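Peer 1: Below you'll find the structure I mean.
We did not get these values from a lab; they are worked out from the coordinates using the rules stated. Given the structure is predicted, the values throughout are model-derived calculations rather than measurements. Backbone-built Cβ (ideal geometry, glycine too); neighbour counts: all protein chains shown.
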Amino acid sequence: MTARPRAADVMNRAGASRPGRGHPTLDAEVEHVRREARHRFARFVLDSANPGSYFRNQARRPLDRGVFEEAGGLGLMRFSLPVEAGGEGRDKLAWGVVVEEIARLSRDPGFAVLLDISVEITELIISSGTPELIERYVPDLLAGRRFAVQGAYENRDPYDFTTTARLEDGVWVLNGAKRFLAGAAFADLFVLFVRDEASNDMLAFVVEKDDPGVAPVPMDTMGLHTMGLGQVLLHDVRLPPWRLLWRADALSELNTYARIRRTMSACGVLGALDAVVDQCVDALAGRRRGGRPVLDHTNVERSVGEMRMLLQSARASVYRALDGTRSADRDPYFDELATVAKHQAAESALHVGRLVMGLQGGEAYMATFPWERFMRDILGLVSGQGSQETLLIQLGQRSIVGREGRQVREDAAERSVAGLADSWWAMHAVAASGGADGFAGPVAEVVSAAGLDPVGQASREEAAALLGRAHALWAAVCAGAAPDALPQGPAGPAEGPFARHATRAWALLACAVAERTGLLARLLAPRTVKEAAGELPVVLAEGLLEVLVDAGVVRRDGEGRYAVDEGLERVLIGGPRSAAFAARLRRAVTGGARLMSPAGVLGRESAPGCGDEAAALVDALVHSLLGRLEGLPGVLERPGAAVGCAAGDGGLTAAALSRHVPGVPVLGVEEADRLALVWLPVAGLPGEELRRAVVSAAAALVSGGWVVLPCPLPPKRPLGAAVVRLGLAVAGGAVLADGEVERLLRAAGLSHVRTAWEDPALGIRLVAARRP
Ligand SMILES: Cc1cc2nc3c(=O)[nH]c(=O)nc-3n(C[C@H](O)[C@H](O)[C@H](O)COP(=O)(O)OP(=O)(O)OC[C@H]3O[C@@H](n4cnc5c(N)ncnc54)[C@H](O)[C@@H]3O)c2cc1C
């Protein structure tokens, strides 16, 4: 009999790529290391570190110094250190799992974390590159013969530290106090972060506990009584120069240290959390309430389920942070995943502690059971390794700055393509100068702004020849008959403004062809020429890619693969913004053709803000503007409401309006009079026609309705502004004087006139006005 087919056979996709083996998950990798950790270190934790823990904690006595030496002997301190330094060279994921596992088995919370502190301090010493420091301390630290901890905290901002270092006759003199150090009670070495009296910079020194003037003092705390928490006082401690870890900017190094410590603290918390959840359920196993085992009560099952959920969510963020430590792109000073992991693990632990208190009842409050200790100990996480609150502040700041940076990159990428279009128009202006009936003024402006006047006959002919080849290529590509190779680009010397504009104009053409043929979009992921070419002849694709690389639009990596500038992603992944980008490129090409051959007619669909650009603007209207145009949502929702479209672009804008404002009919302005909204693109309308259009729009609106006018927003750069004027002239309109649109709206009796939205990268602003 054949086995009954099961849904899981189809729905579990993992086996498809690796039959019989499944997908190698991160969890599986972690489990592999965990087994190794248990095999190598469990006996040590259970037999050597744990005994006496309860009474040590009661007596507030720190862990025994010898246990760290034993850990060193077992290779724990070497585990993740570089092989060149005498370590095993394992990565931080493996070390994090070891820390987690030791914390899970340990009765002393903080023991695993202390091991990690000494390991990270050893790394800091190695990073100094100072042979005296490395030779004197690293072998002892690896063997566990010495133990090192870190002190920065003073309850002050770093540049306000009162613990200082002063250079006197070649000797550093340290004074002050570091007020919170884990392991201060049994450490032999302290890496202390202090303020340089002369420069105010932060410096870090290795200080030995036996250096004259050093006094570690114990500190009473709420919990973590075996962690040896304490303070270190410094009085005229005189250190030779080689004890200085780095010559300057130790604050950056402290941030690097905090980055990994946050992840490792979270690993320690995770282990402790796992253990307490297990112990809590075990302890409830024999208890009966209401005549039934408490574990059979639904509310108890729910609480156990919640603990499990908290544990697993902490685990997910911690393993992700550990995995992130292996990324080459990791920020050296701030690690978002590490910060999230510490925050999440701490919040989960605090919440689990509260649930355990509830589940264990009266025993939870008795000091002879582990629960109250767990609760007190984990409260140390509220501020240890960066207070929970400041972690959130840092995450927020990072995310806001990151978003702004992304926006700047995207705008810059679009602006650089717009810059190529400027040169494209400049070449056309050169070719058309002296002719171009009707456009002489704007043509001359472009030539002058491009620094290309006076135009000689030779330049005119060279520009015309280049553009002839460019337009022939475009026509062939549009007709689906792309040539096998890229035609000859600009000829002549590559220096001087003419050559520069010619090269960039050719790059604009390459960009337009690459966009139209899908070549650019294929480069969203790195591709070889062959992969990128798609249907295009490979030699042509190669030629286009070379031009685009020279123009900075595309990058070539070390393995010869091509990828588009990351900033262009938003205009290539599809959607309204991509359509608008393509429309701008097309407008440049067809506008240039129109200038070279004035007999041609440009339809309104090529005007800025119309045609394929409309969807991006209507999207902005709905998602950014609707709430800002007072009363418009209500007017649109009224029975019988309609939208008027005066774009005149063959229905493209009307279709975009219908899609983005569904359920409200879109009509021509002339056919309707009680409109809630009128959409009236300004570009391509000569002055008097625009005035009439504004008057009709105002008359067609209901009281409280709005008119929105997409208007060209010329860039600040003079050539860009001159190009916009020439482009508009070619499209049959003109750039209106500043404030002219607003004046026309007011003259038509409309109120609340304002620029409601603008996007310099699109080169459009939306002016809005309301019918009173
Ligand atoms: C168990 C434990 C072990 C520790 N071990 C060590 C150690 O080994 N070595 C060491 O050097 N230190 C150690 N510390 C100290 C620890 O590093 C600091 O307590 C921690 O970094 C928080 O700094 P803080 O105490 O100055 O609190 P603050 O940073 O002052 O945070 C307190 C509150 O101030 C507010 N705040 C702070 N900054 C801002 C800001 N920029 N904007 C707005 N609000 C802000 C927030 O509301 C925050 O919650 C330990 C602490 C604990 C609890």
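Peer 1: As an exercise, take the mean of 1/r over every pair of distinct alpha carbons in segment 253-386, invert it, and state the Kirkwood radius in angstroms. Write down the numbers at each step before the final one.
Peer 2: Values: mean 1/r = 0.0634 Å⁻¹.
Its Kirkwood hydrodynamic radius stands at 15.8 Å.
Peer 1: Please arrange Thr263, Thr590 by how many other C-beta atoms lie within 10 Å of their C-beta, fewest to most.
Peer 2: Numbers: Thr263 30, Thr590 20.
In increasing order of surrounding Cβ atoms, one gets Thr590, Thr263.
Peer 1: Would you kindly derive the ³J(HN,Hα) couplings of segment 379-391 from the backbone phi angles with the Karplus curve 6.51 cos²θ - 1.76 cosθ + 1.60 (θ = phi - 60°), listing them in order in whole Hz, with x for Gly and Pro?
Peer 2: Coupling constants for segment 379-391: 5, x, 6, 4, 10, x, 6, x, 5, 3, 4, 5, 4 Hz.
Peer 1: Checking a compactness column here: for segment 492-634, what do you get for Rg(Cα) / (2.2 N^0.38 Å), N being the number of residues? Each step should come with its number before you reach the end.
Peer 2: Numbers: Rg = 18.2 Å, N = 143, 2.2 N^0.38 = 14.5 Å.
Taking the Cα Rg and dividing by 2.2 N^0.38 Å, one obtains 1.25.
Peer 1: Once amide H atoms are placed 1.01 Å from N in the peptide plane, what residues at a sequence separation of 5 or more from Leu701, or on another chain, have their amide H within under 5 Å of its amide H?
Peer 2: The answer is Leu675.
Peer 1: How long are the semi-axes of the equivalent ellipsoid of segment 432-567, defined as square roots of 5 times the Cα gyration tensor eigenvalues? Whole Å, largest first. Working shown, then result.
Peer 2: Values: eigenvalues 185, 53, 33 Å².
Computed over segment 432-567, the values are 30, 16, 13 Å.
Peer 1: Name the residue from His343, Ala672, Gln388 whose Cα lies farthest towards the positive end of the charge dipole of the chain, charges +1 on Cβ of Lys and Arg and -1 on Cβ of Asp and Glu.
Peer 2: Checking the options against the dipole of the chain, the answer is Ala672.
Peer 1: A follow-up question, please. Got a sec to turn the phi values of segment 465-482 into Karplus ³J(HN,Hα) couplings, 6.51 cos²θ - 1.76 cosθ + 1.60 with θ = phi - 60°, whole Hz, x for Gly and Pro?
Peer 2: 5, 4, 5, x, 5, 5, 5, 5, 5, 4, 4, 5, 5, 5, 7, x, 10, 4
Peer 1: Give me Rg/Rg_expected for segment 26-248, where Rg uses Cα atoms only and Rg_expected = 2.2 N^0.38 Å with N residues. Before the final figure, lay out the partial values.
Peer 2: Details: Rg = 17.9 Å, N = 223, 2.2 N^0.38 = 17.2 Å.
It is 1.04.
Peer 1: Still on this structure, I have one more. Hey, got the dipole for the chain? About the Cα centre, +1 on K and R Cβ, -1 on D and E Cβ, debye to the nearest 20? Numbers along the way, then the final one.
Peer 2: Details: 86 positive and 93 negative charges, 402 e Å.
With Lys and Arg at +1 and Asp and Glu at -1, about 1940 debye.
Peer 1: So, in Å, what gap is there between the alpha-carbon centers of segment 224-260 and segment 591-659?
Peer 2: For segment 224-260 versus segment 591-659, the Cα centre distance is 63 Å.
Peer 1: List the residues whose amide H sits under 5 Å from the amide H of Val678, counting only those 5 or more places along or on another chain, with H placed 1.01 Å from N in the peptide plane.
Peer 2: The list, which skips near neighbours in sequence, is Gly644, Trp706, Val707, Val708.
Peer 1: Further question on the same structure: How big is D, in µm² s⁻¹, for segment 285-361 by Stokes-Einstein at 4 °C and 1.567 mPa s if Rh is the Kirkwood radius over C-alpha pairs? All intermediate terms of the calculation are to be shown ahead of the outcome.
Peer 2: Working: Rh = 14.4 Å.
It comes out at roughly 90 µm²/s.
Peer 1: Moving to a separate point now. For Gln150, what residues show an amide H to amide H distance below 5 Å, using hydrogens built from the backbone and excluding near sequence neighbours?
Peer 2: Ala182, Val191
Peer 1: How would you rank 646-658, 335-347, highest first, on the average number of other Cβ atoms within 10 Å across their residues?
Peer 2: Numbers: 646-658: 21.5, 335-347: 24.2.
So the peptides 646-658, 335-347, ranked by packing, come out 335-347, 646-658.
Peer 1: Given Trp246, Leu81, Leu466, which one lies farthest toward the positive end of the charge dipole of the chain, if we put +1 on the Cβ of every Lys and Arg and -1 on the Cβ of every Asp and Glu?
Peer 2: Leu81
Peer 1: With Rg and the Kirkwood Rh both taken from Cα atoms, where does Rg over Rh land for segment 605-730? All intermediate terms of the calculation are to be shown ahead of the outcome.
Peer 2: On the way: Rg = 14.7 Å, Rh = 15.0 Å.
Using Cα coordinates only, the ratio equals 0.98.
Peer 1: I'd like the FRET efficiency for Arg743 and Glu535, computed as 1/(1 + (r/R0)^6) with the beta carbon distance as r and R0 of 41 Å, rounded to 0.05. Each step should come with its number before you reach the end.
Peer 2: On the way: r = 51 Å, r/R0 = 1.25.
E(calc), rounded to 0.05, equals 0.20.
Peer 1: To continue, here is another question. In terms of the Cα gyration tensor, with a ≥ b ≥ c the square roots of its eigenvalues, is segment 134-177 rounded because a/c is under 1.5, prolate because a/b exceeds b/c, or oblate? Provide the component values of the computation, followed by the final result.
Peer 2: Working: a/c = 3.71, a/b = 1.54, b/c = 2.41.
In terms of gyration-tensor shape, oblate.
Peer 1: Using Cβ counts within 10 Å as a stand-in for footprinting exposure, how do Thr221, Thr163, Thr368 rank, fewest first?
Peer 2: In increasing order of surrounding Cβ atoms, one gets Thr368, Thr221, Thr163.
Peer 1: Which whole-angstrom value gives the distance between the alpha carbon centres of segment 42-76 and segment 93-160?
Peer 2: Each part's Cα centre sits 17 Å from the other's.
Peer 1: Give me the angle, in degrees from 0 to 90, between the Cα long axis of helix 718-730 and the longest principal axis of the Cα atoms of the chain, rounded to the nearest 10.
Peer 2: 40 degrees
Peer 1: Which order do Arg179, Arg238 fall in if you start with the one that has the fewest other Cβ atoms within 10 Å? Let's see the in-between values first.
Peer 2: Details: Arg179 18, Arg238 13.
Listing Arg179, Arg238 from fewest to most nearby Cβ atoms yields Arg238, Arg179.
Peer 1: Per residue, how big is the convex hull around the C-alpha atoms of segment 426-506? Give it to me in cubic angstrom, could you?
Peer 2: Values: hull volume 7.6 nm³, N = 81.
Here the figure is 93 Å³ per residue.
Peer 1: Still on this model: Which ³J(HN,Hα) values in Hz, rounded to whole numbers, follow from the phi angles of segment 398-407 under the Karplus curve 6.51 cos²θ - 1.76 cosθ + 1.60, where θ = phi - 60° and Gly and Pro get x?
Peer 2: In residue order, the calculated couplings are 4, 5, 5, 4, x, 5, 4, x, 4, 4 Hz.
Peer 1: I would also like to ask the following. If the cut-off is 20 Å between C-alpha atoms, which aspartates and glutamates fall inside it for Lys530, apart from same-chain ones fewer than 8 positions away?
Peer 2: The reachable aspartates and glutamates, counting only those whose Cα sits under 20 Å from Lys530, are Asp484, Glu515, Glu542, Glu546, Asp550, Asp557, Glu559, Asp565.
Peer 1: Then there's this: Magnitude of the Cβ-charge dipole of segment 281-410, K/R +1 and D/E -1, about the Cα centre, nearest 20 debye? Intermediate results must be reported in sequence, preceding the final value.
Peer 2: Numbers: 18 positive and 16 negative charges, 62 e Å.
Value, rounded to 20: 300 debye.
Peer 1: What value in Å³ per residue do you get for the convex hull of the alpha-carbon atoms in the chain?
Peer 2: Values: hull volume 213.6 nm³, N = 772.
Measuring per residue, one finds 277 Å³ for the Cα hull of the chain.
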